Amino acid sequence: MGDHFQTIVDLDAGAGEAPRLAERVLDRLVTEGIVLAERADRSFGHHLPGPHWDRAVDPADTDEKPCDGLTLYTGRTIFHGGQGEPEWVRCPRCTTTTRLYTDEYDRIDAAWEPYGTAMDRWHASGAADVICPACATPVPLPDWTWAYDYFAFACLGFEFWNWPEFGEDFRALVTDALGGHRTVRVWGKL
Ligand SMILES: [Zn+2]
């Protein structure tokens, strides 16, 4: 099986406001009983499930209480889906899809190269464009769409370890606590 995670990533939070927003969401989750306020020192999530953890997950999926917790990420982070890599990336301007792997699942290094370079630049500086191979427009790295929402480039994330799949209501609750910021769910396993 392995350990799996789901991370709700705030796409709009700046680095400066991320710690304050993280506290606000944590307070809300503690108030709802979804996680505990205490910060445990452990590998798989610092805030363990609270008495009403099931409020976060799909109602059909509440048989087994998760035993791992929530880790908060504040600061510039490349959130990604763990094992594997995305097979394609899509330009938000012209909607052309660029293949990153062949049908035989061979990595297309030449297609990857501009994105890999931009990731290094984004991580160092917080800004990087990739020129779309189809429409030649420079597009900010965080704006591209990845297969399975594999990547998110952001300053705030809520990473839950070994929880059942979140319900839509939970996403809405977190979005509300974030003042309506756009969010995406990045998921995967170790
Ligand atoms: Zn394009």
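The values are calculated or read from the model by the stated rules, or taken from the named source; none is laboratory data. If you're wondering where the values come from, they're calculated on a predicted model, not measured in any experiment. Every residue, glycine among them, receives a Cβ derived from its backbone with ideal geometry; neighbour counts consider all protein chains shown. For accessibility, only protein heavy atoms count, side chains too; no ligands or nucleic acids. Shrake-Rupley method; radii C 1.70, N 1.55, O 1.52, S 1.80 Å.
The set of residues in region 93-127 being away from the ligand (no atom under 16 Å from the Cβ), under 30 Å from G16 (Cα atoms) and open to solvent by less than 50 Å² (accessible area, probe 1.4 Å) consists of G116, M119, W122, G126. Taking region 46-74 as the range and being in contact with a Pro (Cβ under 9 Å, 6 or more places away or on another chain) and open to solvent by less than 20 Å² (accessible area, probe 1.4 Å) as the test, the residues that pass are P49, A56, V57, P66, D68, G69, L70. Looking across region 50-99, the residues that are of a type in the set (A, V, I, L, M, F, W, C), touching a residue at least 24 places away in the same chain (Cβ under 8 Å) and under 24 Å from D176 (Cα atoms) come down to W53, A56, V57, L70, L72, I78, F79. Taking the residues in region 134-178 that are farther than 25 Å from R28 by Cβ, without any contact (Cβ under 8 Å) to a residue 40 or more places away in the chain and surrounded by fewer than 19 Cβ atoms within 10 Å (Cβ to Cβ) as candidates, determine which candidate is farthest from the ligand (Cβ to nearest atom). Among those residues, the one meeting the criterion is P140.
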